[in-house]
There are 2 protein chains.
Amino acid sequence: MVKQNNVNYGKILFMKTALIQQKYYGTKDATIQQTVSMIQQAAQQDAKLVILQELHQTHYFCQNESVEVFDLANSWEEDLQFWSSVAKKNGVVLVTSLFEKRAAGLYHNTAVVFENDGSIAGKYRKMHIPDDPGFYEKFYFTPGDLGFEPIDTSVGKLGVLVCWDQWYPEAARLMALKGAQILIYPTAIGWFEDDAEDEKQRQLDAWIAVQRGHAVANGLPVVAVNRVGFESDDSGVLKGTKFWGNSFAFGPQGEFLAHANHQNEQIIYIDIDLQKGETVRRWWPFLRDRRIENYSDITKRYRD
Amino acid sequence: MVKQNNVNYGKILFMKTALIQQKYYGTKDATIQQTVSMIQQAAQQDAKLVILQELHQTHYFCQNESVEVFDLANSWEEDLQFWSSVAKKNGVVLVTSLFEKRAAGLYHNTAVVFENDGSIAGKYRKMHIPDDPGFYEKFYFTPGDLGFEPIDTSVGKLGVLVCWDQWYPEAARLMALKGAQILIYPTAIGWFEDDAEDEKQRQLDAWIAVQRGHAVANGLPVVAVNRVGFESDDSGVLKGTKFWGNSFAFGPQGEFLAHANHQNEQIIYIDIDLQKGETVRRWWPFLRDRRIENYSDITKRYRD
């Protein structure tokens, strides 16, 4: 039975949301144990929506290409049952990020959203797949084929996207045009230690800036939940990645709501005003004035 | 004769650009005189590209709806000749923003780019037209019908857009997909004095954030040139607008380049590295991974 869980303070409808920024604890079991503990804390704090980072069950395994790693997806069905029970037990809508085995040789990077009664509210298969040194995702994940569809839940329509999607204004816009009330990005992004400090800052700033831009352009709150901590490349080829944390939230006017640091596990709580987006869109009616008759070239690779 | 004016410092091609943030001097003549003086200064400083703010010849006349105001567009042909001569005399590529009279009863908000020999390099008719209290542009300007086409000049392909366009990721993307090397936004945006200080800050931050997002998403430098100073509503209905200045530039990684204040006329100089965009796009190959087969709903008003 789905609980209608938003809290109505007078005229303003707030949704208490928890962003769980976490590190990897060396094994899946130890990591999950910590995640569950943090979800319990969030539920005790009355969070109604809990968001986990990308591929939160394990290390970020895309630092190299290894066929053995596909074994991690063998537990896909069990993983669904497990997180279903966690959502139900804690009475929260839970955004997870799992390694989906769809068939032998066919895998996806899939966000699964569980209702607070443990049912599956919906899935989103990561649409934009990166591939660059240390992030060899094209080897592991078939690009998603479910499109950009918000997931309807008891706390609102969630525009769940994943990591590399965050750099694409098209993805955010398509979610907004389908009625998403919030944009949510589970993420695993970090620095190479050898990069200069100013380059690290530029990368972090750009990552925040592009997503804040989606909030403004679409009049929607934006939440990103990133992994934290150093993880080595177990192939020994690369020097590993320092995941930069910095999970954040902006409101529908692009206003700052919350920001985690770059080094610690943290649960960030935000009260999302689900009605403010409509107010902002009345002030700034961008959707009214889109020149849709002139946008068709967006579907081209390049206008050449 | 077009001069090839970019300065090649070893392997790096810089383009010295001047952003002229200006106030209105009570008459068109006085305002233009000041603008020309600032362009001369910029040329003496060796700027190759000079960018003026939106509707820089006059006050921002859209604070009310008045049929007499269309008289301002009667000088369209003379205006073209005048700014052509200024561009030629100073040997700069000049981005102007003019009130175009196309026919009786048919007007556009048009950016005209002049080559450094005085020829017209191209025009852009503002595509997205706002309409909200104090910014009644739908009364004055027919939405542009030239599409989103970069303008080819001796200093590069300029993705010239105007003001309200800056809130639309589609416009920036279409310019990028057609080979724009820089995004340029002449602008007239400001505060109402009655707005609370924190609301003013949110508006300013959002305006910067969304355009910085375009830089990151497209791997392109972004420049916005805004008007400054208070202008009353000569109909007496509204209390007038304090144009907030804050002209700025970000590089192709979204990195900060320059920023004007909110109260003074200023010429901001930036050296734009026209090759850095390619480097950034190699690091972050967003164009490689766009899911164009799934973007067609961008051309819908809403996905309902």
Enumeration of residues in the stretch A:16-38 that are surrounded by 15 or more Cβ atoms within 10 Å (Cβ to Cβ) and closer than 19 Å to A:Phe99 by Cβ: A:Ile20, A:Gln22, A:Lys23, A:Tyr24, A:Tyr25, A:Lys28, A:Thr31, A:Ile32, A:Gln34, A:Thr35, A:Val36
Looking at this structure, is A:Tyr269 within 7 Å of chain B (Cβ to nearest Cβ) and not in a helix (DSSP H, G or I)? no
Does A:Tyr302 satisfy being more than 22 Å from A:Cys163 (Cβ to Cβ) and part of a strand (DSSP E or B)? no
Do we find a residue being among the hydroxyl-bearing types (Ser, Thr, Tyr), farther than 22 Å from B:Gly26 by Cβ and not in a loop (DSSP other than H, G, I, E, B) anywhere in the stretch B:231-246? no
Condition check: within 19 Å of the chain's Cα centre (by Cα) and more than 9 Å from every other protein chain (Cβ to nearest Cβ). Does B:Leu238 satisfy that? no
Here are some residues: A:Arg282, A:Arg301, A:Arg291. Which one is more than 8 Å from chain B (Cβ to nearest Cβ) and without any contact (Cβ under 8 Å) to a residue 12 or more places away in the chain? A:Arg282
Within the stretch B:174-193, considering residues that are crowded, with 24+ Cβ neighbours inside 10 Å and in contact with a Gly (Cβ under 6 Å, 6 or more places away or on another chain), the one farthest from the other protein chains (Cβ to nearest Cβ): B:Leu183
Single condition B:Val67 does not satisfy, out of (1) out of contact with any Cys (no Cβ under 9 Å at 6 or more places or on another chain); (2) surrounded by 15 or more Cβ atoms within 10 Å (Cβ to Cβ): (2)
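Quick grid of which residues meet (1) closer than 21 Å to A:Ala171 by Cα; (2) not in a strand (DSSP E or B):
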{"position": "A:Glu65", "(1), (2)": "no, yes"}
{"position": "A:Leu72", "(1), (2)": "no, yes"}
{"position": "A:Gln81", "(1), (2)": "no, yes"}
{"position": "A:Lys101", "(1), (2)": "no, no"}
{"position": "A:His108", "(1), (2)": "yes, no"}
{"position": "A:Val112", "(1), (2)": "yes, no"}
{"position": "A:Asp117", "(1), (2)": "no, yes"}
{"position": "A:His128", "(1), (2)": "yes, yes"}
{"position": "A:Pro143", "(1), (2)": "yes, yes"}
Scanning the stretch A:126-142 for residues that are within 16 Å of the chain's Cα centre (by Cα), at the interface with chain B (Cβ under 8 Å from one of its Cβ atoms) and not hydrophobic (A, V, I, L, M, F, W, C), which turns out nearest to A:Leu72 (Cα to Cα)? A:Pro130
For residues that are closer than 18 Å to B:Pro285 by Cα and either acidic (Asp, Glu) or surrounded by 13 or more Cβ atoms within 10 Å (Cβ to Cβ) (or both), tally how many sit in the stretch A:289-303. 4
Checklist (1) facing chain A (nearest Cβ under 9 Å); (2) more than 11 Å from the chain's Cα centre (by Cα) applied to B:Trp164, failing item: (2)
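Coordinate-derived values only; no laboratory data. Because the structure is predicted, anything quoted here is derived from the model rather than measured. When we count neighbours, we look across all protein chains shown, and the Cβ atoms used for this are built from the backbone with ideal geometry, even at glycine.
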